[in-house]
Amino acid sequence: MTEKKKDEKEIPKEPSMIRQKELISGYYDELATAKEDGKKVVYTFVPGNLAELLAAFDVLPVLPEINALQSGMRKRSRDYIATAEKSGHSEDVCTYVKCDLGMMEQGIGPTGKPIPEPDMLLLSYTGCFTFMKWFELLKERFPKAEVAMLHVPYQGDGEITKEMRDYTVKQLETEIVPKLEKLTGKKLDRDRLKELLVRSAEAEEDLVWTWEAAKHRPSPIDGYFGGVFYIGPIFTAFRGTQEGVDYYRLLRQEVQARIDAHEGPITPRGQLNDQKFRIVVEGPPNWTSFRDFWSMFADEGAVCVASTYTRVGGLYDQGFRHDPDDIMGTMADYCLGCYTNLNLPQRTKLIAKYCEEYEADGFIAHSVKSCNSFSAGQLLMLREVEKMTGVPGGFIESDLVDPRYFSAANIKNRLESYFQMLAQRKTGGGAKSMEAVL
Amino acid sequence: MEKGHTMRTPEQIAEQCEQIALDDHLGEVTKWREETGGHAAGHLPVYTPREVIDAAGMLPVGVVGSGEMEIIRGDAYFQSYICHLPRSVVEMGLTGRLDSLDAMIFPATCDVIRNLSGMWKLLFPEKLVHYLDVPHNHDPEVGGVFYAGELRRLAKDLSKISGVEVTDDALRTAIEKRNESRRLMRKLFDLRSDSPEKVPTSELYVLMRAGFQMPQDAHDALVKEYYEAALASSRPEFDNARVVVIGSFCEQPPIGLIRTLEKAGCYIVDDDLLLGAHFILDDLELEGDPFTTLAKSWFDHARSMPSRFVPDEVKGEYLVQLTKKRQAEGVIFAAPSFCDPALLEQPMLQDALERAGIAHTSFKYAENNGQFHPILEQAGTFTDSIKLWSEAS
Ligand code: SF4
Ligand code: SF4
């Protein structure tokens, strides 16, 4: 413990990380005084969130998943989950939900400050059925909150049809906007929304540039563990804001400087310049032992060059940008196109593409107990990616915020064997796939 | 019954149904195909409007997994914390048990079924795989239009296989015929509630489940025959506890579990077992655009269930009303392990029951459970307590 604390002190933080932290903690401060400041509060989810629309109405978004992951990182989730289970929630279900409900019951947010009650539950339903149940449970708790549902159809056939898009746009026009207008007592200012969308696209451009910087050797970023810091602002309240634009500009400059200096990203083990393995990761990280988990990769000289989790709030690197000239259509396209709204063959193809474009040595699926949306089918995806690319897959399991399911020794063992196998392959021998190893 | 035939007993009919229902090789479907040369479309357990499949000239077949079968390959596709149903469905697919199906329809139920649709595309590229979205927006001009479009898309997909275009008239006829099946099923549900000793749920269940593998006419005939036989039966009435069973809408409990509840002194007077077979029991209109009629039925006639979002729904109200309507004395929550929709819904339903002063108990199962003793004990204690409570009050 003391050892780790010492470690933390020694590791220099990237300026963007410091800025990211400031942004997020400023956001939580704003939330804590939202009611006093007369601000309306809207709970909504990350994938398919309507950040610009909410900002156009000057309402504050609360993202329950972010609360849950913050609670995990700050070691509060165990307690919250226990509270929820004590009050009757099954041990089998998604721990994000239980962490959030437990937190509500205790009345205190992840930073130790209270989270304001919702004036509206805006369920932009993209890519996960559990979201729906989650908000129904919140509705029980906050019966006065208005509920607005944006049903985003799933890309079952791997495409966004005109009908799907029309349906989503119609809901925005007939359900979401009127309810927000009613909540705030003001009409939607479309010009303002347009300006916000312009800024979103600007930030998105820099974020994509950052992702693609991982094609360099050494990679100047970690696109998974480091990536979760990078997505913080754009996945939450800062898309469409000047602060968001500035953050991504700063990030870009920082990454450019590392490219110029042939440097890798800063990890919990210091700067990772000597990169032995380039890895693509599928699935969300574990938050309760985040640093340990990252260290297991860094210790082996493994850098994550791309990940799917960092695409749940938008597949910008596949070409999508918010389009200020089609305000409703672009919000619909955004929601429909998030990673979790892709079907399994699309997800598989995307991972294979990452493996090829980022010249990955390996591909790891981190399967989390909580999340059927991510996990169901992952084992097949793993095999398919191997078949398509020849890149060997590895498989590890834990959970998002329930520390009971993070078995450090087990995961470390698996990762070590996996990286050993990759090393042998590099020197021309060894097993050819995960089945031989795991 | 034709003259000259001896009337079969309900037990005999149920026995035949059980053989059909639990045959994970879908023998009835294969037989039907051989006899007719027709095409068949499978659908996962929770609601798919079978009328569209009927109108495309195909046999609708409910694929509900199997608890009987040994899982050899299916487990390798799913982590331990995912429910059991997709394992047996994949096992059935990989072992050729679903070869008699030309298409598979995956209705929007949960993330597991949703992702299973993609797995099917990867595993069986030669089969038609159709993901059927359902509307969470209840405005007829918005969600209604979208869903009617989804049903049209389904009709088009199926027509490509069967070569039969789904015309409005054909769909209307299918709705009319299904109205008749719904009427029969409704009558049977009411009889079960009025005289649960005559219609044990273990029999009603296999009867419904056989219908997932049979042509509609043949199944309707069976339902009629069973109804008459059950009505005429003189089974002794016990002082059992009347209960509603809830949570089993998708992955099915083993039949042994249903029998165990009965053995423990329960009269199951309503349930959501095999929900797709009785999700809608009302008659649907025959006028107007038939796709719109089917779409509207999702909003106006469907049962409450975890995957169906209803704006402003007071969670659990439906269950409280159902319990009252069926004069049930308690509710048993029986949900598959790791079933997020059922298990996340459960606390909300339990709250509502508590507000209404209705007793409840809960347990989890997997379709391949073989140990029923703990459930026998638990259900026995529950029925005893209900009985004691009702005597005391
Ligand atoms: S199931 Fe997955 S996507 Fe859904 S709420 Fe839980 S963690 Fe998030
Ligand atoms: S049992 Fe539950 S989790 Fe499993 S497939 Fe069915 S609805 Fe989904």
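Can you say what percent of the DSSP beta bridges in the protein assembly as shown, counting only those with both residues inside, are antiparallel? Round to 5. Please list the in-between numbers first.
Values: 3 of 58 bridges.
Antiparallel: roughly 5 percent of the beta bridges in the protein assembly as shown.
Let me know the charge dipole size of chain A about its Cα centre in debye, to the nearest 20, where only the beta-carbon of Lys, Arg (+1) and Asp, Glu (-1) is charged.
On the way: 56 positive and 66 negative charges, 158 e Å.
Dipole magnitude for chain A comes out near 760 debye.
How long is the gain from B:R73 to B:E141 if the chain were fully straight, where each residue apart is worth 0.36 nm and the alpha carbon distance is subtracted? Write out the running numbers ahead of the final one.
Details: separation 68, 0.36 × 68 = 24.48 nm, distance 4.52 nm.
So the chain would gain 20.0 nm between B:R73 and B:E141.
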Any idea how far the Cα center of region A:178-245 sits from the one of region B:89-156, in Å?
34 Å
Karplus couplings for region A:105-112 from phi (6.51 cos²θ - 1.76 cosθ + 1.60, θ = phi - 60°), rounded to Hz, Gly and Pro as x?
5, 7, x, 9, x, x, 8, x
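Stokes-Einstein diffusion coefficient for chain B at 4 °C in a medium of 1.567 mPa s, Rh from the Kirkwood formula over Cα pairs: what value in µm²/s?
For these conditions, the coefficient is 60 µm²/s.
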Förster radius 51 Å - calculated FRET efficiency between A:M388 and A:E105 (Cβ-Cβ, nearest 0.05):
0.65
Toy charge model, Lys and Arg Cβ at +1, Asp and Glu Cβ at -1: the protein assembly as shown dipole around Cα centroid in debye, rounded to 20, equals 1520 debye
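Please give the contour-minus-distance gain from A:V198 to A:I259: 0.36 nm per residue of separation, less the Cα-Cα distance, rounded to one decimal in nm. Walk me through the numbers before you get to the answer.
Working: separation 61, 0.36 × 61 = 21.96 nm, distance 2.79 nm.
Working it through step by step, the gained length comes to 19.2 nm.
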In chain B, if the dipole is taken from +1 on Lys/Arg beta carbons and -1 on Asp/Glu beta carbons about the Cα centre, which of B:L322, B:P45, B:P254 is farthest to the positive end?
B:P254
Kindly provide the helix-only [θ] at 222 nm of chain B, computed as the sum of -39,500 (n - 2.57) over DSSP H runs of four or more divided by all residues, to the nearest 500 deg cm²/dmol?
-15500 deg cm²/dmol
Report the label-to-label distance for B:E126 and B:K31 in nanometres (one decimal), using points 7 Å from each Cα along the Cα→Cβ vector.
2.6 nm
Residue by residue, what Karplus-based ³J(HN,Hα) values in Hz, rounded to whole numbers, does region B:369-384 have, using 6.51, -1.76 and 1.60 with θ = phi - 60° and x for Gly and Pro?
4, x, 9, 10, 4, x, 6, 4, 5, 5, 5, x, 4, 5, 5, 4
Can you pull a Stokes-Einstein diffusion coefficient for the protein assembly as shown at 25 °C (0.890 mPa s), Rh from Kirkwood over Cα pairs, as a whole number of µm²/s?
87 µm²/s
Find how many whole Å separate the alpha carbon centroid of region B:172-204 from the alpha carbon centroid of region A:77-129.
41 Å
Could I have the simple spin-label model distance between B:K156 and A:E181, label points 7 Å from Cα toward Cβ, reported in nm to one decimal?
3.3 nm
In whole Hz and in residue order, list the ³J(HN,Hα) couplings for region A:28-44 that follow from phi through the Karplus curve 6.51 cos²θ - 1.76 cosθ + 1.60, θ = phi - 60°; x for Gly and Pro.
5, 4, 4, 5, 4, 10, 3, 5, 4, 7, x, 8, 7, 10, 10, 7, 7
Mean per-residue count of partner chain Cβ within 10 Å for A:91-102 equals 3
Output needed: percent of Cα pairs per 10 Å distance bin for region B:239-393, bins running from 0 to the one holding the longest distance.
10, 38, 33, 14, 4, 0
For region B:50-186, size of Cβ-based charge dipole, Lys and Arg +1, Asp and Glu -1, in debye
120 debye
log10 I(q)/I(0) for region B:176-239, Debye formula on C-alpha points only (no solvent), q = 0.29 Å⁻¹, two decimals, reads -1.37
Using only the Cα atoms of region A:268-426, what are the Rg and Dmax in Å?
16.4, 53
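Arrange A:C99, A:C371 by Cβ neighbour counts within 10 Å, fewest through most, would you? Before the final figure, lay out the partial values.
Numbers: A:C99 32, A:C371 23.
Starting with the residue having the fewest Cβ neighbours, the order is A:C371, A:C99.
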Would you please state the base-10 log of I(q)/I(0) at q = 0.11, 0.13 1/Å for chain A, with intensities from the Debye formula using one equal scatterer on every alpha carbon?
-0.84, -1.20
Want the number for B:E317 to B:D99: 0.36 nm per residue separation, take away the alpha-carbon distance, what's left?
74.3 nm
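When only C-alpha pairs under 8 Å and at least 6 residues apart count, what is the relative contact order of chain B, in percent?
Values: 646 pairs, mean separation 80.2, N = 393.
About 20 percent, as a whole number.
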Fewest-first sequence of B:E141, B:E180 by Cβ atoms within 10 Å of each Cβ
B:E141, B:E180
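Between the DSSP loop rule and a limit of at most 12 other Cβ atoms within 10 Å, which trypsin sites (Lys or Arg not before Pro) in region A:195-272 are left?
On the way: sites: A:R199, A:K215, A:R239, A:R249, A:R252, A:R258, A:R269; in loops: A:R239, A:R269.
Hits after loop and neighbour filter: nothing returned.
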Roughly how far apart, in whole Å, are the Cα centres of region A:16-74 and region A:326-404?
26 Å
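For an R0 of 41 angstrom, estimate the FRET efficiency from the Cβ-Cβ distance between A:Q420 and A:T33 and round to the nearest 0.05. Let's see the in-between values first.
On the way: r = 52 Å, r/R0 = 1.28.
My answer for the efficiency is 0.20.
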Expected sort for B:T173, A:T130 with the fewest Cβ neighbours (10 Å cutoff) up front is B:T173, A:T130
Between the modelled labels at B:S233 and A:D292 (7 Å from Cα along Cα→Cβ) the distance in nm is 5.7 nm
For region B:38-166, divide the Cα radius of gyration by the Kirkwood radius and give the resulting Rg/Rh value with two decimals.
0.99
Positive end of the dipole of the protein assembly as shown, charges at C-beta (+1 Lys, Arg; -1 Asp, Glu), about the Cα centre: which of B:V61, B:Q350, B:V244 has its Cα farthest in that direction?
B:Q350
Checked against the positive end of the charge dipole of chain A (+1 on Cβ of Lys and Arg, -1 on Cβ of Asp and Glu, about the Cα centre), the farthest of A:T330, A:S289, A:T126 is A:S289
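Throughout, read-outs are computed from the coordinates displayed, never taken from laboratory work. Predicted, not measured: the structure shown is a model, and the values here were computed from it. Reconstructed Cβ throughout: ideal geometry from the backbone, glycine too, with neighbour counts over all protein chains shown.
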